[in-house]
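A.B. asks: Once you've had a glance at the structure underneath, I'll fire off some questions.
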Amino acid sequence: MDNQLIGEIRDRLDAAKNIVIASHVRPDGDAIGALLGLGLALRDAGKSVQMILADGVPSSFKYLEGSELIKKEAVGEHDTFITVDCADFKRTGKIFENFGQPDINIDHHKTNEKFGKLNLIEAEEVATSAILTAHLPAWGLKITKPIAAALLTGIITDTLGFRTSNTTPESLRQAATLMETGVDMPEIYMRSLVRKTYPAARYWGAGLSSMQSKNGIVWSTLTLADRKAAGYGGNDDADLINMISAIDGNKVGMIFVEQSNNHVKISWRALEPGVDVSQVAKHFQGGGHAAAAGADIEGGLSEVQKEVLNKTREMLNLK
C-alpha cells in the first residue's frame with residue numbers, strides 16, 4: 001500500500017466541495033457499486049456529489065439504495081473529478097471528452113493507463129469496490145448499510161460470486177465486514193447474478209443457439225436482430241458471458257455483441273489458469289484483467305469476429 005498516495009487522496013477529498021464521479025459505459029456491478037459506494041460516502045460527509053453513468057443504471061441494479069441519484073450527465077460547476085473502475089479515460093463515454101483530466105483515478109484493472117492526477121491502481125484486488133472497502137475508513141468516510149450493499153454488489157459481481165481465480169481470503173473477509181452492517185448478501189447474490197428478466201432469458205436463448213467451439217475457444221454471438229426479437233433493452237450481453245465461461249473443454253470463452261453504431265463489443269474470459277486474455281484486449285485498445293477483459297471495436301460483426309478470433313488464437317497460441 002502506498003501510504004503517501006492514500007494520504008494525498010484523503011487531502012484532496014477533504015478539500016473538495018463539488019464532486020463529479022464517473023464510471024464506464026455499459027456499467028457492470030462493480031462500476032455501479034464503486035460509484036455508489038464512494039458517492040454516497042462523500043454525500044454523507046457533507047459534499048455535493050454528482051454520480052454519472054453515460055448509459056444510466058441497468059434495471060437489475062436499480063434496487064440499490066441511492067441508484068436513483070445516478071444521472072447520465074453532469075451539470076454546473078465542480079472542483080473535483082473522480083473516475084472509478086475505468087481502465088482508460090475514454091471508457092467514461094463521449095460526454096466526458098472535454099471534461100479535463102480526472103483529479104483521482106481509482107481502479108483495479110492491470111491495463112489501467114494511469115490517466116488521473118492521482119492514480120490508485122490496485123490490480124491485485126478483486127474489484128474496485130474492494131479497494132474502496134479497504135480505504136474509505138482511512139479517508140474518514142463511513143461505510144453505512146446502503147454503502148456496504150453497493151460495495152458488496154461490486155465484489156460479488158466481479159468475482160462471479162467468489163468463483164474467480166483471484167478470490168482471496170481478504171476478499172471474503174471484506175464481504176463479511178460489509179455484511180456486518182446488516183446487508184443481506186444472499187439477496188444481493190440472487191439479484192445481481194442469478195435472476196434474469198424474461199427478455200434477458202430470451203436474449204440468452206439467441207446467444208446459446210449461436211454458440212460455437214474450435215481450437216480451445218468457445219464463443220457466442222448476439223446481433224441487433226436478436227436484441228430486438230427478445231425485447232431486451234440493454235446494449236450488453238445480459239451476462240451471457242458467464243454461462244459461456246462455464247462450458248467445459250476450452251481455454252477461452254468469448255462473446256460478440258453487435259452495437260448500433262457499427263461497433264462490436266467483445267468480452268473474453270480465461271477458462272484455465274495461466275491464460276492472460278488482457279493482452280489480447282489491449283491489442284484491440286481494450287483492457288481488463290488476466291482472467292476477464294473486453295474491447296469495443298469499430299466495424300461490421302462478421303469482419304470483426306473473424307479478425308478477433310484469429311488474433312486471439314495467435315496471441316494465446318491456441319491451435
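The values are calculated or read from the model by the stated rules, or taken from the named source; none is laboratory data. Quick caveat, the model's predicted, so the values are computed rather than measured. Reconstructed Cβ throughout: ideal geometry from the backbone, glycine too, with neighbour counts over all protein chains shown.
A.B. asks: Give me a count of the residues in the range 188-246 that are hydroxyl-bearing (Ser, Thr, Tyr), surrounded by fewer than 18 Cβ atoms within 10 Å (Cβ to Cβ) and outside any loop (DSSP other than H, G, I, E, B).
C.D. replies: Of the residues in that region, 4 qualify.
A.B. asks: Also: On the basis of being surrounded by 16 or more Cβ atoms within 10 Å (Cβ to Cβ), part of a loop (DSSP other than H, G, I, E, B) and either at pLDDT 95 or above or charged (D, E, K, R) (or both), does Leu40 make the cut? So that I can check it myself, show each step before the final result.
C.D. replies: Numbers: surrounded by 16 or more Cβ atoms within 10 Å (Cβ to Cβ): yes; part of a loop (DSSP other than H, G, I, E, B): no; either at pLDDT 95 or above or charged (D, E, K, R) (or both): yes.
Criteria not met by Leu40.
A.B. asks: Turning to a different aspect of this structure: Just to be sure before I move on: is Gly253 assigned by TED's automatic domain parsing to the domain that holds Ala206, closer than 27 Å to Thr167 by Cα, in contact with a Gly (Cβ under 9 Å, 6 or more places away or on another chain) and not in a helix (DSSP H, G or I) in the structure I sent?
C.D. replies: It is false that Gly253 is assigned by TED's automatic domain parsing to the domain that holds Ala206, closer than 27 Å to Thr167 by Cα, in contact with a Gly (Cβ under 9 Å, 6 or more places away or on another chain) and not in a helix (DSSP H, G or I).
A.B. asks: How many residues does the range 100-114 contain that are surrounded by fewer than 22 Cβ atoms within 10 Å (Cβ to Cβ) and under 22 Å from Leu40 (Cβ atoms)?
C.D. replies: The qualifying residues number 1.
A.B. asks: Hey, any hits in the range 127-135 for a residue that's of a type outside the set (Gly, Ala, Ser) and part of a loop (DSSP other than H, G, I, E, B)?
C.D. replies: no
A.B. asks: If you take the residues in the range 53-79 that are over 20 Å from Thr157 (Cβ atoms) and in contact (Cβ under 8 Å) with a residue 40 or more places away in the chain, which one is surrounded by the most Cβ atoms within 10 Å (Cβ to Cβ)?
C.D. replies: Top of the filtered list is His78.
A.B. asks: Please work out which residue is modelled with the highest pLDDT, limiting yourself to the range 43-62 and to residues that are more than 21 Å from Ala134 (Cα to Cα) and assigned to a helix (DSSP H, G or I).
C.D. replies: Phe61
To keep it simple, each residue is scored yes or no on (1) of a type in the set (S, T, N, Q); (2) without any contact (Cβ under 8 Å) to a residue 40 or more places away in the chain.
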residue	(1), (2)
Arg195	no, no
Ser209	yes, yes
Ile217	no, no
Gly234	no, no
Ile241	no, yes
Ile247	no, yes
Val257	no, yes
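A.B. asks: Which one of Glu8, Glu77, Glu73, Glu68 is farther than 23 Å from His108 by Cα, among the charged types (D, E, K, R) and part of a helix (DSSP H, G or I)?
C.D. replies: Testing whether each residue is farther than 23 Å from His108 by Cα, among the charged types (D, E, K, R) and part of a helix (DSSP H, G or I) leaves just Glu68.
A.B. asks: Going by the conditions given, is Thr177 buried (at least 21 other Cβ atoms within 10 Å of the Cβ) and more than 17 Å from Ser245 (Cβ to Cβ)? Steps first, answer last, please.
C.D. replies: On the way: buried (at least 21 other Cβ atoms within 10 Å of the Cβ): no; more than 17 Å from Ser245 (Cβ to Cβ): yes.
It is false that Thr177 is buried (at least 21 other Cβ atoms within 10 Å of the Cβ) and more than 17 Å from Ser245 (Cβ to Cβ).
A.B. asks: Right, next: Which one of these is within 24 Å of Ser48 (Cβ to Cβ), touching a Gly at 6+ places or on another chain (Cβ under 9 Å) and surrounded by fewer than 24 Cβ atoms within 10 Å (Cβ to Cβ): Ile143, Ile95, Ile82, Ile147?
C.D. replies: One residue alone meets the criteria, Ile143.
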